[in-house]
Ligand SMILES: *Cc1c(COP(=O)(O)O)cnc(C)c1O
């Protein structure tokens, strides 16, 4: 399995490098998040072994379960300086009743799209005594089925979020529409990047506001051309693992279909 993962990872890194080269960006600016929602825990260990520490899950319960299992596998060493210790990214839509159990494990929540959700996170973060880094999810394609706040409402919401003392607004996240139309994909990323720049220019984001989480297996090059700092990649990293891959747990497929 490690062989296969190493090859896949090398190919993805090459594609990231090539996209960066086209626009004169440093590949070191791009954080690679391995999205593991369709694969086994062994595949996650494989990625950690290969030095990929940022791991993304789309369901809160699954993230918690896996974070606990991996924590135990490392003998309970919580130190973030433990080199193989993953950083967990919550990338799927988050229900408020899952926030409390998620927070102790999560390093960055990409999918905040309402004040109510943000307030719930802030309340539990206050009890935990540490600020929780979040991204504001933008619905830049305008598809009604997509999660995320509308472009027109985003900067106001960003401003509200910065008043919550135990949230740290780090930037924006978006998903492109599921389409072969490359210019529609590119426009979605462009619109999100423009919104990001607007928020920075008007100083509504706060000092930590610098992340743009954009790009998946099918569209990460376009996202990098438009300024992404954080790509979320699943299938391109884990293809060819049929023997090891687990079937998605109940609900994941619908969730993925719903998220596009
Ligand atoms: C599943 C998922 C990804 C990764 O998708 P791939 O096409 O497998 O790379 C990225 N972002 C989100 C929000 C996802 O749900």
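Per-structure values
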item	result
Condition met for residue 237 (in a loop (DSSP other than H, G, I, E, B) and within 13 Å of the ligand (Cβ to nearest atom))	no
Qualifying residue in segment 160-172 (condition: under 22 Å from residue 99 (Cα atoms) and in a helix (DSSP H, G or I))	yes
Criterion: touching a helix residue (DSSP H, G or I) at 6+ places or on another chain (Cβ under 6 Å) and surrounded by 22 or more Cβ atoms within 10 Å (Cβ to Cβ) - qualifying residue of 212, 135	212
Top-ranked residue of segment 132-148 - restricted to ones that are in contact (Cβ under 8 Å) with a residue 40 or more places away in the chain and in a loop (DSSP other than H, G, I, E, B), ranked as nearest to residue 195 (Cα to Cα)	140
Answer from 149, 112, 99 - the residue that is over 24 Å from residue 202 (Cα atoms), at pLDDT 95 or above and either touching a helix residue (DSSP H, G or I) at 6+ places or on another chain (Cβ under 6 Å) or surrounded by 15 or more Cβ atoms within 10 Å (Cβ to Cβ) (or both)	99
Selection count where residues are under 16 Å from the mean Cα position of the chain (by Cα) and either more than 13 Å from the ligand (Cβ to nearest atom) or assigned to a helix (DSSP H, G or I) (or both), scope segment 173-189	1
Which numbered condition residue 22 misses (of (1) part of a helix (DSSP H, G or I); (2) surrounded by 13 or more Cβ atoms within 10 Å (Cβ to Cβ); (3) at pLDDT 95 or above; (4) touching a helix residue (DSSP H, G or I) at 6+ places or on another chain (Cβ under 7 Å))	(2)
Condition broken by residue 197, with the remaining ones in (1) surrounded by fewer than 13 Cβ atoms within 10 Å (Cβ to Cβ); (2) modelled with pLDDT of 95 or more; (3) within 15 Å of the ligand (Cβ to nearest atom) satisfied	(3)
Members of segment 119-131 that are surrounded by fewer than 24 Cβ atoms within 10 Å (Cβ to Cβ) and either part of a loop (DSSP other than H, G, I, E, B) or touching a strand residue (DSSP E or B) at 6+ places or on another chain (Cβ under 6 Å) (or both)	122, 125, 129, 130, 131
Residue among 34, 43 that is under 15 Å from the mean Cα position of the chain (by Cα), outside any loop (DSSP other than H, G, I, E, B) and within 16 Å of the ligand (Cβ to nearest atom)	34
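The values are calculated or read from the model by the stated rules, or taken from the named source; none is laboratory data. What you are looking at is a predicted structure, and each value in this text was computed from that prediction instead of being measured. Every residue, glycine among them, receives a Cβ derived from its backbone with ideal geometry; neighbour counts consider all protein chains shown.
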